[in-house]
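Have a look at the structure below before the remarks.
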């Protein structure tokens, strides 16, 4: 992913209201971001509870979306993140929803998916988990590529049929 400034990140949001952008906080370590090894940028807002953000490339340009985490706790013992495809304890995966971009979002249309609650998918796919007996380790590169592709597809679903003028 190419390096982005704070202004470029703020300008990339496709489903954010002006008030949401005003109160948005970037990650505390944003200036230290290693863009060369980043497939997408995802973080929970440190000041606004229940809000997260994803910045990914869409058609060669950065596209950012605002996410809201669903209220309540999962009763599941375990759950799988739909971005990094990692099994986690149930309380470490949450349903995140995003208002669609353009007129669809103005009419209340949303899309949702289950994501690691701390939004650390980018790092998670790079970890080598211990193998169970007779388990075959998947290629880390394949896991990274899959997480990137699924993240970009989710962002594209938010942008789907939007008449977004950026």
Percent relative contact order of the range 1-137, based on C-alpha pairs within less than 8 angstrom and at least six residues apart? 20 percent
Taking Cα atoms, the helix 140-159 axis meets the longest principal axis of the chain at an angle in degrees (rounded to 10) of 30 degrees
Taking 0.36 nm per residue of separation between residue 110 and residue 91 and subtracting their Cα-Cα distance, the length gained on full extension comes to 4.6 nm
Translational D (Stokes-Einstein, µm²/s) of the chain at 37 °C and 0.692 mPa s when Rh comes from the Kirkwood sum over C-alpha pairs? 198 µm²/s
Using R₀ = 25 Å, calculate the FRET efficiency as 1/(1 + (r/R₀)^6) where r is the Cβ-Cβ separation of residue 103 and residue 30; round to 0.05. 0.20
When the chain is treated as a GNM, springs tying every alpha-carbon pair under 10 Å, which of 28, 85, 58 comes out with the largest mean-square fluctuation? 28
Restricting things to alpha carbons, tell me how big the range 1-57 is in terms of Rg and Dmax, in Å. 11.1, 31
Given the options 29, 45, 118, state which has the largest fluctuation in a GNM of the chain using a 10 Å cut-off (strictly under) for Cα springs. 29
Most fluctuating residue of 21, 41, 32 in a GNM of the chain with Cα springs under 10 Å: which is it? 32
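Where a number appears in this text, it was derived from the coordinates with a stated rule and is not lab data. All of these numbers come straight from a predicted model, not from anything done at the bench. For neighbour counting, all protein chains shown are included, and Cβ atoms are generated from backbone atoms with ideal geometry for every residue, glycine included.
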